[in-house]
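To keep things clear, I will list the structure first and then write my remarks on it.
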Amino acid sequence: SYQPSSELQHLQKHDPHHHDHFYFMGFLEAATNHAQGHFHLSQTWHELELRFETRRDWSWNGEGDLFYRRWFNRYLSVVGGGTGVDGQFRAVLGVSYLLPMLIHADLFIDHRGEFRLDIEKRFQWTKYLFTDVDVTLRQKLESEFEVSLMFSPSWSWAAGLKYTGDSFGAGVHYQF
């Protein structure tokens with residue numbers, strides 16, 4: 001088999017294309033009826049995700065997730081972690097799949113045997129105008145959905161309207 005010279009091996013150690021770096025990204029969103037944050041630390045096949053949200057009265061009447069995802073290809077991953085809903089912690093396992101038309105679907109089962117289905121889709125209407133749709137279906141808890149209409153003059157921020165199933169609001173979205 002081919003072995004590069006010691007001089008070339010030394011140079012390859014400093015080449016960023018030969019390393020599998022970690023990348024961080026996330027967003028924060030605050031509206032008059034809703035607040036949420038998503039944070040992702042990822043490496044090629046591994047991803048650590050932290051998500052939280054609160055609604056209505058801005059007290060901690062919300063939920064949060066801490067998940068580890070292991071990607072097998074660009075469409076399929078398995079998920080494990082925990083979720084907290086209104087003060088109740090649940091351990092979850094699941095599968096995530098990117099459906100046609102770039103619809104992201106997560107199917108989870110918790111340690112009590114209850115299912116949860118999350119579906120997300122972004123509609124890019126124009127260069128500056130988009131809509132995010134998030135639907136969460138739960139077995140024994142109330143289902144939730146969110147729809148936003150956002151104006152985004154740059155990649156890093158947007159402002160617009162949000163409907164959460166029980167109220168309308170206006171707010172900002174900051175991505176990093």
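The values are calculated or read from the model by the stated rules, or taken from the named source; none is laboratory data. The structure displayed is predicted, hence computed values, not measured ones. In this analysis, Cβ positions are derived from the backbone assuming ideal geometry, glycine residues included, and neighbour counts consider all displayed protein chains. Heads up: the accessible areas ignore ligands, DNA and RNA and are worked out on the full protein's heavy atoms, side chains in. Shrake-Rupley method; radii C 1.70, N 1.55, O 1.52, S 1.80 Å.
Remarks
- Within the range 145-171, considering residues that are open to solvent by 80 Å² or more (accessible area, probe 1.4 Å) and under 15 Å from F27 (Cα atoms), the one modelled with the lowest pLDDT: W155
- Of all residues in the range 105-116 being within 19 Å of L48 (Cα to Cα) and open to solvent by 40 Å² or more (accessible area, probe 1.4 Å), the one that is farthest from the chain's Cα centre (by Cα): I109
- When residues in the range 70-104 are screened for being open to solvent by less than 90 Å² (accessible area, probe 1.4 Å) and either of a type outside the set (S, T, N, Q) or within 18 Å of S42 (Cα to Cα) (or both), 23 of them pass.
- S42 vs. criteria open to solvent by 40 Å² or more (accessible area, probe 1.4 Å), more than 22 Å from A158 (Cα to Cα) and either of a type in the set (S, T, N, Q) or touching a helix residue (DSSP H, G or I) at 6+ places or on another chain (Cβ under 6 Å) (or both): no
Results for (1) of a type in the set (G, A, S); (2) part of a loop (DSSP other than H, G, I, E, B); (3) within 20 Å of I103 (Cβ to Cβ), shown as yes or no for each residue.
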| site | (1), (2), (3) |
| --- | --- |
| I119 | no, no, yes |
| K127 | no, yes, no |
| T131 | no, no, yes |
| L137 | no, no, yes |
| M150 | no, no, yes |
| P153 | no, yes, no |
| G169 | yes, no, no |
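- Candidate set from the range 73-104 (those that are among the polar types (S, T, N, Q) and closer than 17 Å to R51 by Cα); member that is nearest to the chain's Cα centre (by Cα): S96
- Long-range neighbours under 7 Å by Cβ, at least six apart or interchain, first residue under 30 Å from S154 (Cβ atoms) within the range 108-126, second aromatic (F, W, Y) and surrounded by 13 or more Cβ atoms within 10 Å (Cβ to Cβ): R122/F130; F123/F130; Q124/F130
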